[in-house]
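Asker: For reference, the structure I am asking about is given below.
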Amino acid sequence: MSNTVFHVAKNNSQLAGTYSAQDIAGLVAQDPGASFQVWREGMASWADPAAVPEVAALLASTATPAIPVAASGPAAAGKERAAVKQLGFVRSLFDLSFSSFVTPKMIKAFYIIGLVLAALGAVGALVSGIGSLGTGLRYSRWGFAFLGLIWIVLSPVVFFVELALVRMFLEVVMVLFKIKENLDVLAGK
């Protein structure tokens, strides 16, 4: 049992590295509100930790409530951080210690805003291109007509480039938050 290693996913995001059954029981105890899934070689699919016999036995042994003791040190700080992570969006806005982050909760909204702005930019480029093409053809200004044609052809390219840049930026931001989350898990070990 001690040689068995598992891969762990927390809230539908796989954690880096491999974990023992004891590590998984510790992760679940540290963040009981999170959704965990585990997988090891030989399993058909990902499963709840309580459904895996090696982990279930450890979870059952840690399920008995302990007598509350005033805690201090890194372990207490890790539990305090886990409690703060549960803050809602509005309470996170007023968290002056910045221990609860708003950005991961807002990342989808930021992406939608970026998508809309990229679409508006592409539509603007298309309308400008059509206007320049029409002006160039009407007044025999072939430079305007050529520029309009270029804008019409490039407007979808502008859309995809802008959207890719927004997506890459937001992915970098989320990677930083995932790094922080994994460092918190390592600090709690």
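Asker: Just the C-alpha atoms of the range 7-66: what Rg/Rh do they give, with Rh taken as the Kirkwood radius?
Answerer: Answer for the range 7-66: 0.94.
Asker: Cross-link partners among aspartates and glutamates for Lys10, C-alpha distance below 14 Å, same-chain residues fewer than 8 apart left out?
Answerer: Answer for Lys10, where 14 Å is the Cα cut-off: Asp23, Asp31, Asp48, Glu181, Asp184, listed by chain and number.
Asker: State the three equivalent ellipsoid semi-axes of the range 103-187, derived from the C-alpha gyration tensor as the square roots of 5 times its eigenvalues, in descending order and whole Å.
Answerer: 43, 10, 5
Asker: With a 10 Å Cβ neighbour count serving as the proxy for reagent exposure, in which order, fewest first, do Tyr19, Tyr111, Tyr139 appear?
Answerer: Sorted ascending by nearby Cβ count, the order is Tyr139, Tyr111, Tyr19.
Every number in this text was worked out from the coordinates using simple rules, so none of it is lab data. Since the model is a prediction, treat every value here as computed from it, not as a measurement. Neighbour counts are summed over all protein chains in view; Cβ atoms, including those assigned to glycine, are modelled from backbone coordinates with ideal geometry.
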